[in-house]
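Single-structure report; data block below.
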Amino acid sequence: MASLFRFLLILTSLAVAGMITVPARAERIKDLGTFQGVRPNQLTGYGIVVGLAGTGDDSLDYATQGMKGVVSRFGLTLPQGVNPALKNAAAVLVTADLPAFAKPGQRLDVTVSALGKAKSLRGGTLILTPLRGADNEIYGMAQGNLAVGGLGVSGADGSQVSVNIPSAGRIPGGATVERAVATGFETSPTLTFNLAEADLTTALRVADGINRTFGDHRARATDAVSVSIDAAPGGADRIMMMGLIENIEVAPADAPAKVIVNARTGTVVINGAVKIHPAAVAHGKLTVSVNESPRVVQPAPFSQGRTAVEQSSSISIEQEKKPMVNFKGGASLADIVKAVNAIGASPADMVAILEALKQAGAMKAELVVL
């Protein structure tokens, strides 16, 4: 315990003396974006799931044609005009993501979704299905038993009960990579790092962090998203440089002042960069109530009169008195929340107050309504 205390004391002394520099909210470059070309690719295939317990597509033409294609692989040809009953089979779409640098033989997880009116894919098996990319080339083959988390039950009277989605499932490791995707990053003259969020300051800081680490001027910000990096040709050297760059820590720029409003749910999110200029806010609620109390009027005996309904209305107006709140210059997020809570504003009222502050020029922030 004494040695640990001495170690912490030395670290504290070094930090105070400036020998250890702790960046303010520093983040790794790999958490701010990705290298261009190093990305997954989407694969899609059309296949047939068999072995269902009467929950398949039945008479869907796509399933019928697909099943004929499956049996034709084994030299079996169905007679023309014969359409097999396929309640135990279903036409499905198979999707998967092919990671960057994936090599032939690697396994991929696939998602299988019913294309027609199949009620459930539980207990089914996907027949060998090719997976194609955007260029219509085959990059993988999928096959296997489905894991379905949903459950669907129907009764003879037409009543149905469903838990989750039984018409979709997954096959962990159900596809095999058959072809690698050429990224071309080892032959391009430069590497490009793209930020996840456009920001000129952050792009400049990323380029400066790379240059300081390597001691040269190989990186430069080309716009608010991209940082271009000079690199020698060759995959091994570039992979090593990319690995070093990803672990460089930089301090990203503060997010611009924004107020996010979800008009459907009444959710309001204000980030810490929002500041309020001097302004005064008064908030009140006007309630108008109309009460109807009709009564039945009976005529006097032998008066030849008729029973009638007499309307009786009362109108009342109530207005809550709320204090006026004075925002001083440079009010922070905590000040805004405290003041709005003090006047008892609901989320919907807060939206109106923020819109009024922006229109008055007292809030310099972007107001985003979802």
Notebook entry, point to check: Would a scan of the stretch 131-138 turn up a residue that is closer than 18 Å to G56 by Cβ and either buried (at least 16 other Cβ atoms within 10 Å of the Cβ) or touching a residue at least 40 places away in the same chain (Cβ under 8 Å) (or both)?
Noted result: no
Note to self: Against the definition (at pLDDT 90 or above and under 26 Å from the mean Cα position of the chain (by Cα)), how does V225 come out, yes or no?
What the structure shows: yes
Notebook entry, point to check: Which of the residues that make up the stretch 36-58 are assigned to a strand (DSSP E or B), modelled with pLDDT of 85 or more and surrounded by fewer than 21 Cβ atoms within 10 Å (Cβ to Cβ)?
Noted result: N41, Q42, T44, Y46, V50
Note to self: I'd like to verify a number: residues in the stretch 196-217 that are free of Cβ contacts under 8 Å to residues at least 24 places away in the same chain and surrounded by 19 or more Cβ atoms within 10 Å (Cβ to Cβ), how many?
What the structure shows: 1
Notebook entry, point to check: For the stretch 229-252, what are the residues that are surrounded by fewer than 18 Cβ atoms within 10 Å (Cβ to Cβ) and of a type outside the set (A, V, I, L, M)?
Noted result: D230, P233, G234, G235, D237, G243, E246, N247, E249
Notebook entry, point to check: Do we find that V261 is in a loop (DSSP other than H, G, I, E, B), modelled with pLDDT of 70 or more and surrounded by 14 or more Cβ atoms within 10 Å (Cβ to Cβ) in this structure?
Noted result: no
Next item on the list: Could you tell me whether any residue of the stretch 242-263 is farther than 22 Å from D31 by Cβ and without any contact (Cβ under 8 Å) to a residue 24 or more places away in the chain?
Entry: no
Next item on the list: Would you be able to say whether some residue in the stretch 215-223 is among the basic types (K, R) and over 30 Å from V94 (Cβ atoms)?
Entry: yes
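The values are calculated or read from the model by the stated rules, or taken from the named source; none is laboratory data. Treat the numbers as computed from the prediction; the structure is a model and nothing was measured. Glycine also receives a Cβ, built like all others from the backbone with ideal geometry; neighbour counts cover every protein chain displayed.
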